[in-house]
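Here the structure is laid out as structure tokens; the discussion comes afterwards.
Only the coordinates and a few stated rules stand behind these numbers; no lab work does. Since we're looking at a predicted model, the values are computed, not measured. Cβ: placed from backbone, ideal geometry, glycine included. Neighbour counts: every protein chain shown.
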Amino acid sequence: MANYNNYQWPPKNGGGSVDGKKIGRMVLIAAIALFVIIGVVTCFYTVDDKQQAVVTTFGQVTATTDPGLHFKLPFGIQRVHKVDVNVYQKIELGYATDENTGMVISNTSESTMITGDYNIVNVDFFVEYKITDPVKYLYSSNNPEMILRNLIQSQIRNVVGSSTVDSVLTDGKENIQMQVKELVTEILTEYDIGLTLVDVRIQDSEPPTVQVIEAFKAVETAKQQAEAVVNEAVAYQNAQLPNAQAQADKLIQNAEYLKAKRINEAIEKVAMFSAMYAEYEQNPDITLSRMYYEAIQEILPGVKLYINTSSGDGSDVQMLLPLESMVGGN
């Protein structure tokens, strides 16, 4: 029989045996190499152009980094939280759009509201916002999107509750949007949670019943028709104003001409009167006779007048002289 008492493992010499210390050393070297590789790989991170990264060291914020390749300490010493800061994000109130099918699902619990004149309306809002401060966005509040959503809902109900149903459904939408945006922006500045409101739009507004919907559609149609009539009237006014202005200018020019003519005639008559008065001062009797004869000729046109040149006592020969030769008549 073979003797197994002196058998040892592993054998001390030869026979292709492997030294246990060498194996342990190789395992240690492999572990260190793997540790180094993991450390090197996790030391670098990339931030794309729509993001900013918040770096924390042992849980404390130590830096924010912009787009590009950056270095950090490995093995959890530093952690990186990437935040989309240059992307407009949306909130849908009163409805929800299925991203896969594109179907719109109504949410009446959010859209149904009471106006200031105690009417019920369904109003859907579309809101856009963006992250402007990634540190405050991550650490100033637990759920900043939910805070913003609740804040917008609150202010929407506040503004709609102080508006008339007619303004909500027809011509007051722009004013409501502006008021909601101003109120929410003011409160967001006070909360300082790293979000900025970009836009607030009324996506849809309608009464809750078909009959009321038809009534408001009729009102809106009437308003549009009234606006069309007013626009036509303004267009007609704009077309007629130049003609009226031209006519007015023509009348004014004619009046100015008549004015100048009357003034010239008056000046001429004054000059004639002055000349006649000068003649009258030199020969009053002759001037009076001449004026008398001219008046007779003017009153009795076509009648021939003769002048009796006798003295009237019968001593002189009577002569009749035609007036035409004296005044230049025919």
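Restrict the search to segment 90-140; then list the GluC sites (Glu not before Pro) that DSSP places in a loop and that have at most 12 other Cβ atoms within 10 Å of their Cβ. Walk me through the intermediate numbers first.
On the way: sites: Glu92, Glu99, Glu110, Glu128; in loops: Glu99.
Loop-located and lightly packed - Glu99.
Annotation: segment 89-208 has a Kirkwood hydrodynamic radius of 14.9 angstrom, from the mean reciprocal C-alpha pair distance.
Please compute the length gained on full extension between Tyr191 and Val229, using 0.36 nm multiplied by the number of residues separating them and subtracting their Cα-Cα distance. Walk me through the numbers before you get to the answer.
Numbers: separation 38, 0.36 × 38 = 13.68 nm, distance 4.93 nm.
Full extension from Tyr191 to Val229 adds 8.8 nm.
Ordered by the number of other Cβ atoms lying within 10 Å of each residue's own Cβ, fewest first, Ser141, Ser163 fall into the sequence Ser141, Ser163. For segment 29-105, a crude dipole built from +1 on the beta carbon of Lys and Arg and -1 on the beta carbon of Asp and Glu, taken about the Cα centre, is about 380 debye to the nearest 20.
You can think of it this way: the chain between Ser289 and Thr97 has 57.9 nm of extra reach, that is 0.36 nm per residue less the Cα-Cα gap. For chymotrypsin sites (Phe, Trp or Tyr not before Pro), the sites in segment 102-149 that DSSP calls loop and that have at most 12 other Cβ atoms within 10 Å are Tyr118. Each other residue within a Cβ distance under 13 Å of Thr56 adds +1 if Lys or Arg and -1 if Asp or Glu, for a net charge of +3.
Semi-axes of segment 136-194's equivalent ellipsoid from the Cα gyration tensor, sqrt of 5 times each eigenvalue, largest first, rounded to whole Å?
Working: eigenvalues 151, 20, 11 Å².
Whole-Å semi-axes of the equivalent ellipsoid: 27, 10, 8.
Once you compute Rg and the Kirkwood Rh from C-alpha atoms, what is the Rg to Rh ratio for segment 210-282? Before the final figure, lay out the partial values.
Details: Rg = 30.8 Å, Rh = 18.1 Å.
That ratio equals 1.70.
Between the listed residues Leu148, Val200, Met113, the Cα displaced farthest toward the positive end of the dipole of segment 89-208, a dipole computed from Cβ unit charges relative to the Cα centre, is found at Leu148.
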